[in-house]
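The values are calculated or read from the model by the stated rules, or taken from the named source; none is laboratory data. Note that the structure is a prediction, hence the values are computed from the model and not measured. In this analysis, Cβ positions are derived from the backbone assuming ideal geometry, glycine residues included, and neighbour counts consider all displayed protein chains. All accessible areas refer to the heavy atoms of the entire protein, side chains included, with ligands and DNA or RNA removed. Shrake-Rupley method; radii C 1.70, N 1.55, O 1.52, S 1.80 Å.
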Amino acid sequence: MSIRKFVAVLAFAGVAAHAQTPALKDAFKGFFRVGAALNPAQFEERDTIGAGIVRSQFNTISPENILKWEVVHPRADAYSFDASDKYVAFGEKYKMFIIGHTLVWHSQVPAWVFKNDKGETIDREGLLKRLEDHIKTVVGRYKGRINEWDVVNEALNEDGTLRQSPWLKIIGDDFLVKAFQFAHEADPKAELYYNDYSVENTPKREGAVRLIKKLQEAGVKVAAIGLQGHDKMEWPTLEQQDATIQAFKALGIKVNITELDIDVLPQATQQRTADVSLSIEAQAKLNPYVNGLPEDMQKALAKRYADLFTVFCKYKDTVDRITFWGVRDSDSWLNGWPIRGRTSYPLLFDKDGKPKPAFQAVVDTAKKKK
Ligand code: G3I
């Protein structure tokens, strides 16, 4: 039978393309877990293509949005665990290493959290009480079931100083220590992370090293730093990636890549104009691949992914997990940020669920290292 005929027979039999490929979770056995962030359509298995890829390719899952404060705890007197219960059930059904994201963040927190009954800014004690209640309720509900929590997310500025978030302004800089302590008390066996982006840049990396050291000095057990890994084609350099892993390895913690994607689209500019035609031209320029990613870009993306995975594999004793921020290109947040409605190609599976050349390039890095 010709290859074309064979593929046609498989397609007729309803065998998905991703099922024909090696599984990432198998390719990287002995290196690290490989996972993806899921949306409700995937963990409720309504998105049959997406869920199929997750089941066959990954051994760890993260919740893209449904464990954020505004979703799980929208009002002072109301928690909403409908989605997170389903997410955890999906993870258990398929024996995934289950991640919780995220307990303390400056974003996606309802305004009530920072106000008292009079509508004024709440005081330190009041906010600490809310923080403790939130963390112990959410972590406690999934004790022994969610294996790892991103306890604090994005607490740093680009220059390595602490972000002036309501958490910092109202509680003070011990909000980090407190958050980790509450999470540890709620589930002593869960692995606790500090998670952030752009940590590959020296000033922020140094700030993150200081932050982790302070937590360690306070007796807090930090299992890992999560490098989000929202990468570009040219950034971070492989040297930056390598140096970043080394910097945290030296602190005796794991270094995990928690939100990996690679943005191939042109960077948005700051240009402001009222000229409609210019605006249209500018938008088209920033969204050049609406009809598909050209061959040369596919190759460049594959090489970029392979280069990064070569660094990750070098640190297999330190890197424990690599999680992609989405399953298929069409799921990615990069279709909507920083410009809405673009067609982005940051992941290993295309919009139809077919593995892209980057998929094979990534798998091959594991073969070379074995
Ligand atoms: O669920 C509501 C829906 O009810 C409403 O109709 C719709 C209208 O805009 O919005 C929906 O919420 C959106 C949500 O994603 C779910 O799709 C929010 O507007 C949107 O802001 C939110 O974006 C998420 C973003 O975090 C902010 O929470 C992205 O999907 C998610 O990928 C992104 O993930 C973050 C990580 O948590 C932390 N690191 C950076 C990463 C990328 O920004």
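Please find, within region 82-97, the residue that is nearest to Glu44 (Cα to Cα) out of those that are of a type in the set (A, V, I, L, M, F, W, C) and away from the ligand (no atom under 16 Å from the Cβ). Restricting to residues being of a type in the set (A, V, I, L, M, F, W, C) and away from the ligand (no atom under 16 Å from the Cβ), the top hit is Phe90.
Scan region 197-204 and tell me whether some residue there is more than 21 Å from Val255 (Cβ to Cβ), away from the ligand (no atom under 16 Å from the Cβ) and either in contact (Cβ under 8 Å) with a residue 40 or more places away in the chain or open to solvent by 10 Å² or more (accessible area, probe 1.4 Å) (or both). The answer is no, given that none of the residues of region 197-204 is more than 21 Å from Val255 (Cβ to Cβ), away from the ligand (no atom under 16 Å from the Cβ) and either in contact (Cβ under 8 Å) with a residue 40 or more places away in the chain or open to solvent by 10 Å² or more (accessible area, probe 1.4 Å) (or both).
Give region 99-152 a look and list any residue that's within 16 Å of the ligand (Cβ to nearest atom), in a strand (DSSP E or B) and in contact with a helix residue (DSSP H, G or I) (Cβ under 8 Å, 6 or more places away or on another chain), or say none. Hits for region 99-152 are Gly100, Leu103, Val104, Trp149, Val151, Val152.
Within 20 Å of the chain's Cα centre (by Cα), surrounded by 15 or more Cβ atoms within 10 Å (Cβ to Cβ), touching a residue at least 60 places away in the same chain (Cβ under 8 Å) and part of a helix (DSSP H, G or I) - does that describe any residue in region 61-83? Yes; the residues of region 61-83 include at least one that is within 20 Å of the chain's Cα centre (by Cα), surrounded by 15 or more Cβ atoms within 10 Å (Cβ to Cβ), touching a residue at least 60 places away in the same chain (Cβ under 8 Å) and part of a helix (DSSP H, G or I). Of all residues in region 205-219 being more than 23 Å from the chain's Cα centre (by Cα) and under 20 Å from Leu131 (Cβ atoms), which is most open to solvent (accessible area, probe 1.4 Å)? So the residue we want is Lys214. Selection of region 115-157 for residues being over 24 Å from the mean Cα position of the chain (by Cα) and basic (Lys, Arg) yields Lys115, Lys118, Arg124, Lys129, Arg130.
Among the residues of region 153-195, the one identified as over 27 Å from Leu260 (Cα atoms) and either within 16 Å of the ligand (Cβ to nearest atom) or among the polar types (S, T, N, Q) (or both) is Gln181.
Quick check on Gly341: is it in a loop (DSSP other than H, G, I, E, B), crowded, with 20+ Cβ neighbours inside 10 Å and either among the aliphatic types (A, V, I, L, M) or in contact (Cβ under 8 Å) with a residue 12 or more places away in the chain (or both)? It is false that Gly341 is in a loop (DSSP other than H, G, I, E, B), crowded, with 20+ Cβ neighbours inside 10 Å and either among the aliphatic types (A, V, I, L, M) or in contact (Cβ under 8 Å) with a residue 12 or more places away in the chain (or both). I'd like to check something: does region 230-246 contain any residue that is of a type in the set (Gly, Ala, Ser) and in contact with a His (Cβ under 9 Å, 6 or more places away or on another chain)? Among the residues of region 230-246, not one is of a type in the set (Gly, Ala, Ser) and in contact with a His (Cβ under 9 Å, 6 or more places away or on another chain), which makes the answer no.
Tallying residues that are open to solvent by 20 Å² or more (accessible area, probe 1.4 Å) and among the hydrophobic types (A, V, I, L, M, F, W, C) within region 123-175 yields 3. In the set (1) touching a residue at least 24 places away in the same chain (Cβ under 8 Å); (2) outside any helix (DSSP H, G or I); (3) acidic (Asp, Glu), Asp307 fails one condition alone, (2). Which residues, counting only those in region 295-323, are in contact with a helix residue (DSSP H, G or I) (Cβ under 9 Å, 6 or more places away or on another chain) and within 16 Å of the ligand (Cβ to nearest atom)? Across region 295-323, the qualifying residue is only Ile322.
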